[in-house]
Amino acid sequence: MRHYHQKLKGQKGLTIVEVLISVLILLPLFTLGMQTFIKCVELSDIAKNSSLAVWGVKNRITTIENTAFNQIYNTYNNTTFTIAGLTGMGKTYVDNSNPNHVTVTISFCWRERNARVIGEDENLNGTLNGGEDANGNGQIDSIVGMATQIYNM
């Protein structure tokens, strides 16, 4: 027992001041690491939701392409749709100004887990309300949007 006591007597530990300085140095690093992790999770969610939205818009285009040409405008122009797994609203526009083909434009807006809305439709109602048309084109736009032309064969 005496040998153990003598061994401890020669060792020195950290003082409370040294521990506090270490904590003050490491705390900002830990905070930065947590912020980076949270941002990575948010970006991962956006990527996943963007993929779901692209998949949903592609399915919508396929459905429209499989519709008889003379029914596309009346069936799909200015209509809304949803996508399973996303809190959002899609909008379909059909331009039939050319009798030989129609131009179909589709966009999808959604709300992320952090309440951020992706796209112009801030209230996700499928209608442009005051202040939502950021570029003034009269249509709801989003990072997930596609356009296609369907010809009358």
Legend entry - Length gained when the stretch Val41-Asn135 is fully extended (0.36 nm per residue, less Cα-Cα span): 30.9 nm
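Let me check against my output: what whole-number percent is the relative contact order of the chain, with C-alpha pairs under 8 Å and at least 6 apart?
Working: 185 pairs, mean separation 28.6, N = 153.
Relative contact order for the chain comes out at 19 percent.
Where does the chain land at 222 nm, in deg cm²/dmol rounded to the nearest 500, when only DSSP H runs of n ≥ 4 count, each adding -39500 (n - 2.57), divided by all residues? Please list the in-between numbers first.
Numbers: 3 runs with 66 residues, N = 153.
Taking each H run of at least 4 residues, the total per residue is -15000 deg cm²/dmol.
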Legend entry - Rh by Kirkwood over Cα pairs, then Stokes-Einstein D for segment 34-151 at 1.306 mPa s and 10 °C, µm²/s: 105 µm²/s
Legend entry - Cα centre as origin, Lys/Arg/Asp/Glu Cβ charges: the chain dipole, Debye: 1380 debye
Legend entry - segment 23-78 and segment 111-153: distance between their alpha carbon centers, rounded to Å: 13 Å
Legend entry - Computed log₁₀ I(q)/I(0) - Debye formula, equal Cα scatterers, no solvent, segment 37-85, q 0.13, 0.14, 0.17, 0.26 Å⁻¹: -0.44, -0.49, -0.62, -0.96
Legend entry - For Thr87, residues with placed amide H under 5 Å, excluding near neighbours: Arg111
Inset, instruction - Quickly work out the Thr79-to-Leu29 label distance, labels modelled 7 Å from Cα along the C-beta direction, and quote it in nm with one decimal. - result: 5.9 nm
Legend entry - Loop trypsin sites (Lys or Arg not before Pro), segment 63-153 (other Cβ atoms within 10 Å of the site Cβ: 12 or fewer; DSSP): Arg113, Arg116
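Bear in mind that the values in this text are calculations on the coordinates, not laboratory data. These figures come from a predicted structure and were not determined experimentally. Counting neighbours? That spans all protein chains shown, and the Cβs are built from the backbone with ideal geometry, glycine included.
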